[in-house]
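The values are calculated or read from the model by the stated rules, or taken from the named source; none is laboratory data. Being a predicted model, the structure only gives us computed values, none of them experimental. For neighbour counting, all protein chains shown are included, and Cβ atoms are generated from backbone atoms with ideal geometry for every residue, glycine included.
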Amino acid sequence: MSDRPVAEMSFEDALRELEEVVGKLERGEVPLDESIALYERGAKLRKRCEAKLQEAEEKVAKLTLDGDGTPTGTEPLDAG
Amino acid sequence: MDLIDEPEKAGNTPEFTVSELSGAVKRAIEGEFGHVRVKGEVGRVVRARSGHLYFDLKDDRNVLACTTWKGQIPGLSVIPEEGMEVVAHGRMTTFGSQSKYQLNAVEVAVAGVGALMAMLEKRKKALQAEGLFAPERKQALPFLPDVIGVVTSAQGAVIRDILHRLRDRFPRKVLVWPVAVQGKDCAPQVARAIAGFNAMTPGGALPRPDLLIVARGGGSIEDLWGFNEEEVARAAAASMIPLISAVGHETDTTLIDFVADRRAPTPSAAAEIAVPVRLELINDVDQLDSRLSRAVTEGVRGRKQRVSDLARLLPRPDMLVEDARQRFDYWSERLDLALKGRVSAGELRLSRAAGSLRPGLLQGRLDRARERQTGWSARLAPALARAARDKRTAFAHQAGRLSPVQIERAISKGRDDVRARLDRLRLVARTAQDRRQARLEALDSLRRTLGYTETLKRGYAVVRGDGDVVMTAKAAGKAGSLELEFADGKLAVGKGDAPRPKKAKPKTPPPDQGSLF
């Protein structure tokens with residue numbers, strides 16, 4: 001079990017660790033007290049994954065460039 | 001200030017009409033380039049309905065329009081095709097009505113690999129030699145990028161296709177860096193955009209993308225040429241942000257494709273590579289969640305079950321001791337009894353055995369054995385003599401019975417038997433012989449009655465001429481000599497000389513009777 005704070009994990013890492021946690025618990029290869037801790041960790045990882053999946057907001061912007069081609073800001077994209 | 005503009009002084013420069021100038025240019029060009037050879041890559045080729053051939057020759061910077069008139073086409077070594085590197089041969093002329101100059105090509109020959117492609121190959125080799133295409137340089141793409149930077153034209157189908165596909169799979173933050181996707185500005189702008197995205201600081205005013213897509217729709221090799229430029233390839237190679245290239249159609253391969261971390265066949269495919277499908281992930285997480293709960297519940301329940309199972313199997317401690325004590329009592333009691341019984345039984349057997357064990361007993365058995373032995377020895381010699389005597393008597397008896405009289409009697413009896421049988425045999429043989437003789441005679445007399453000699457006895461005669469039987473007067477006339485046979489003999493009749501005696505050979509009828517036996 002990794003001690004890395006779940007809040008810092010990317011979606012991919014959180015998902016991978018969640019899979020590991022479930023696998024371990026299903027195989028029944030951990031002592032009882034440890035399995036409770038694992039379950040708690042799994043629940044946190046699940047929340048993290050769900051949170052990342054909720055961030056499915058589309059935000060499209062076009063960069064505005066100055067005469068030298070240096071970005072100056074953004075504006076909504078009118079892709080037609 | 002003058003209210004009326006004065007016309008500017010024309011000076012000494014002669015004034016041409018357009019056609020005059022056009023004609024002068026035509027003469028100048030035709031005079032100067034009346035016979036040229038030009039090497040280039042064939043671009044667009046058009047065979048007009050009139051039968052004339054129009055095509056472009058080009059290098060990496062300029063294009064030369066060429067024409068070959070219908071009648072000249074048979075003189076060409078090869079009909080030009082797009083992409084072909086050729087050497088054309090002809091004269092330069094102009095097309096005044098469109099202010100155009102062009103080559104009237106009377107000969108076109110293949111010159112080798114297209115110059116553009118050759119240049120691209122050269123660049124490719126140089127960058128490859130630098131290791132820019134090496135697989136170990138490729139960066140892994142993030143599983144789920146937060147911000148995607150797209151370098152492409154802000155208008156058109158490409159950005160629309162990418163945004164569409166992203167929305168379907170997993171809506172993300174997208175930053176578009178607009179660039180020219182063809183022409184001379186294309187390469188520098190694309191290179192700058194890639195570098196510019198890399199220069200952004202994570203979490204800054206403009207969010208730095210964690211994935212880049214460089215995209216362009218399909219087009220001719222010239223249209224896509226910007227993405228073959230070295231500065232673009234180098235910018236892509238230098239990008240610290242993982243980069244997907246999606247330039248042109250699946251069949252187009254440009255230099256940036258070789259240095260990109262992934263090459264997508266189309267812009268939409270780039271979006272598919274960029275993000276996973278959100279709904280699938282939600283489903284995956286839901287499943288993992290239910291498995292997690294089930295696994296932990298099962299874990300506790302299973303342990304509880306095992307505890308109760310084991311508890312049931314655990315025996316009471318006093319039960320354990322009672323049983324052992326009872327068994328101990330039982331066996332310790334039997335131990336005493338067994339020991340005592342065993343000792344007394346042994347004593348009894350010992351005293352019995354010892355009681356009858358005396359020397360007299362042994363001596364008695366010895367004496368009896370000796371007695372038996374002497375008895376048998378005494379009887380041995382008489383028994384042998386008696387047996388010999390008996391055999392001898394039997395022999396004498398048998399020898400007495402063996403006398404020649406018996407054999408002689410048998411011999412004389414046998415001889416009589418033989419004699420009697422021989423007599424009978426002779427009698428039988430004689431009787432059979434007589435019977436056969438009588439039959440033979442009967443048959444012979446039958447034979448005689450049937451023969452011609454019997455006919456002779458009845459007064460007939462046989463006439464022979466020259467030894468053969470004569471049946472007709474004609475034959476008799478022809479014969480040299482005649483002979484008559486009667487029953488009592490033969491008589492030759494004169495007819496000249498007497499016939500030479502011939503060996504009698506009766507011909508009429510020599511009945512072949514065969515053998516009756």
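Let's see how each residue does on (1) exposed (fewer than 10 other Cβ atoms within 10 Å of the Cβ); (2) facing chain A (nearest Cβ under 10 Å); (3) over 21 Å from A:Asp33 (Cα atoms); (4) touching a residue at least 40 places away in the same chain (Cβ under 8 Å):
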{"position": "B:Leu279", "(1), (2), (3), (4)": "no, yes, yes, no"}
{"position": "B:Glu298", "(1), (2), (3), (4)": "no, yes, no, no"}
{"position": "B:Arg303", "(1), (2), (3), (4)": "no, yes, no, no"}
{"position": "B:Leu314", "(1), (2), (3), (4)": "yes, no, yes, no"}
{"position": "B:Met319", "(1), (2), (3), (4)": "yes, no, yes, no"}
{"position": "B:Gln326", "(1), (2), (3), (4)": "no, no, yes, no"}
{"position": "B:Glu333", "(1), (2), (3), (4)": "no, no, yes, no"}
- Query: With segment B:147-258 as the region, which helices (runs of 4 or more DSSP H) entirely inside it contain at least 2 residues that are within 19 Å of B:Leu132 (Cβ to Cβ) and not β-branched (Val, Ile, Thr)?
  - Reply: B:186-199, B:230-238
- Message: Step by step: first the residues of segment B:23-74, then only those that are of a type in the set (Gly, Ala, Ser) and over 59 Å from the mean Cα position of the chain (by Cα), then the one that is nearest to B:Lys100 (Cα to Cα). Which residue is that?
- Response: B:Ala65
- Spot the failing condition for B:Ile148; the list is (1) under 20 Å from B:Gln182 (Cα atoms); (2) touching a residue at least 24 places away in the same chain (Cβ under 8 Å); (3) within 14 Å of chain A (Cβ to nearest Cβ), and only one is missed. (1)
- Within segment B:181-213, the count of residues that are among the small types (Gly, Ala, Ser), over 56 Å from the mean Cα position of the chain (by Cα) and surrounded by 18 or more Cβ atoms within 10 Å (Cβ to Cβ) comes to 2
- Message: With the structure loaded, tell me whether A:Val22 is buried (at least 16 other Cβ atoms within 10 Å of the Cβ), among the hydrophobic types (A, V, I, L, M, F, W, C), within 9 Å of chain B (Cβ to nearest Cβ) and not in a helix (DSSP H, G or I) or whether it fails that test.
- Response: no
- Could you list, in sequence order, all residues of segment A:1-19 that are over 19 Å from B:Val296 (Cα atoms), more than 10 Å from chain B (Cβ to nearest Cβ) and surrounded by 17 or more Cβ atoms within 10 Å (Cβ to Cβ)? A:Val6, A:Met9
- Does B:Pro171 qualify as being within 20 Å of A:Glu55 (Cβ to Cβ), facing chain A (nearest Cβ under 7 Å) and either surrounded by fewer than 19 Cβ atoms within 10 Å (Cβ to Cβ) or in contact (Cβ under 8 Å) with a residue 12 or more places away in the chain (or both)? yes
- Task: Could you please find all residues in segment A:53-80 being crowded, with 18+ Cβ neighbours inside 10 Å and facing chain B (nearest Cβ under 7 Å)?
- Result: A:Leu53, A:Val60, A:Lys62, A:Leu63, A:Pro71, A:Leu77, A:Ala79
- From B:Leu211, B:Leu175, B:Leu206, residue being at pLDDT 95 or above and within 19 Å of A:Lys62 (Cα to Cα): B:Leu211
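Restricting to segment B:259-271, and then to whatever is of a type in the set (A, V, I, L, M) and assigned to a helix (DSSP H, G or I), can you tell me which residue is surrounded by the most Cβ atoms within 10 Å (Cβ to Cβ)?
Out of the qualifying residues, it is B:Ala270.
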- Restricting attention to segment B:295-345, the residues that are closer than 30 Å to A:Leu25 by Cα and hydrophobic (A, V, I, L, M, F, W, C) number exactly 8
- If a residue has to be surrounded by 17 or more Cβ atoms within 10 Å (Cβ to Cβ), more than 14 Å from A:Glu20 (Cα to Cα) and within 7 Å of chain B (Cβ to nearest Cβ) to count, how many in segment A:31-48 make the cut? 0
- Message: If B:Ala274 satisfies all but one of (1) buried (at least 23 other Cβ atoms within 10 Å of the Cβ); (2) away from chain A (no Cβ under 14 Å), what's the number of the condition it fails?
- Response: (2)
- Query: (1) more than 25 Å from B:Met200 (Cβ to Cβ); (2) part of a loop (DSSP other than H, G, I, E, B); (3) in contact with a Lys or Arg (Cβ under 7 Å, 6 or more places away or on another chain): which one isn't true of A:Leu38, the others all being true?
  - Reply: (2)
- Message: For the structure I just gave you, tell me whether B:Arg123 is part of a helix (DSSP H, G or I) and in contact (Cβ under 8 Å) with a residue 24 or more places away in the chain.
- Response: yes
- Task: Tell me which of these B:Arg306 doesn't satisfy, since it passes every other one: (1) in a helix (DSSP H, G or I); (2) of a type in the set (D, E, K, R); (3) in contact with a helix residue (DSSP H, G or I) (Cβ under 8 Å, 6 or more places away or on another chain).
- Result: (3)
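Residues checked against (1) modelled with pLDDT under 90; (2) within 24 Å of B:Leu279 (Cα to Cα); (3) out of contact with any helix residue (DSSP H, G or I) (no Cβ under 9 Å at 6 or more places or on another chain):
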site: B:Pro135; (1), (2), (3): no, no, yes
site: B:Ile148; (1), (2), (3): no, yes, no
site: B:Thr152; (1), (2), (3): no, no, no
site: B:Arg165; (1), (2), (3): no, yes, no
site: B:Ala193; (1), (2), (3): no, no, no
site: B:Thr201; (1), (2), (3): yes, no, yes
- May I ask you to verify whether B:Leu292 is surrounded by 19 or more Cβ atoms within 10 Å (Cβ to Cβ), facing another protein chain (nearest Cβ under 9 Å) and either over 26 Å from B:Pro188 (Cβ atoms) or in contact (Cβ under 8 Å) with a residue 60 or more places away in the chain (or both)? yes
